[in-house]
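This report concerns only the one structure given below.
Values quoted throughout were computed directly from the atomic coordinates according to the rules given, and no laboratory measurement underlies them. Worth saying up front: this structure is predicted, and the values here are computed from it rather than measured. Counting neighbours? That spans all protein chains shown, and the Cβs are built from the backbone with ideal geometry, glycine included.
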Amino acid sequence: MEESYKKLIDGNRVFAMSKKFEDPEYFKKLSLGQRPEYLWIGCSDSRVPANEVTNTESGQIFVHRNIANLVVNTDMNMLSVLEYAVKVLKVKHIIVCGHYGCGGVHAAFSNELHGFVDNWLVNIKNVYHKYKKDLDVIADNEKKIDRLTEFNVIEQVRNLAKTTIVQQEWKERELHVHGWVYGINSGLITDLCVIHDGQDDIEQIFRYNI
Ligand code: CO
């Protein structure tokens with residue numbers, strides 16, 4: 001236990017040294033402030049780290065993560081992150097990134113009790129009911145869960161678009177909202193093409209091809 005904890009501190013020293021070696025001013029520049037262009041709303045899953053899977057550096061992505069990458073309009077944590085990202089940092093893009101093999105989606109799909117988290121996962125159960133017709137025709141359970149994962153991302157993009165923060169910002173400037181799914185087994189991101197820029201009616205602009 002102690003060993004695994006120490007590994008993180010050792011890893012940090014390697015990180016700090018190698019960054020300084022590459023660019024002696026690296027941390028000095030970062031300390032001056034942040035101007036990320038992206039807000040990432042992703043899953044807490046340890047296998048989907050925003051910077052690593054997009055090959056980006058510290059300072060480039062503002063990040064919010066929760067179980068199953070949900071956008072719940074009563075979630076003060078998410079709304080605070082969203083407001084800061086949009087109003088203060090003026091990010092240009094908001095990305096909701098789900099992932100195949102998501103434990104949260106799997107748990108929501110099952111009828112087992114998992115505890116407190118089920119109250120959170122009810123949001124995914126609602127997505128299931130909304131798309132029940134599309135999902136019920138898929139015989140294979142894993143494929144069904146994959147599709148539910150995609151529908152979940154689409155619904156979270158829609159939830160984002162409905163927030164007062166995004167709606168207000170759209171009156172003043174361009175702000176793009178995207179829905180992606182990351183494949184843990186491939187390392188690749190799929191853009192679901194749920195492009196939303198506030199220019200059209202919310203129902204018309206969803207151009208997903210899944
Ligand atoms: Co997940």
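Do the conditions hold for LEU135, that is, is it more than 16 Å from the ligand (Cβ to nearest atom) and either surrounded by 15 or more Cβ atoms within 10 Å (Cβ to Cβ) or among the aromatic types (Phe, Trp, Tyr) (or both)? So LEU135 fits the description; yes. For region 64-78, the candidate set comprises residues that are surrounded by 18 or more Cβ atoms within 10 Å (Cβ to Cβ) and of a type in the set (Val, Ile, Thr); within that set, the residue that is farthest from PRO36 (Cα to Cα) is ILE67. Restricting attention to region 1-39, the residues being within 12 Å of SER58 (Cβ to Cβ) and among the aliphatic types (A, V, I, L, M) number 2.
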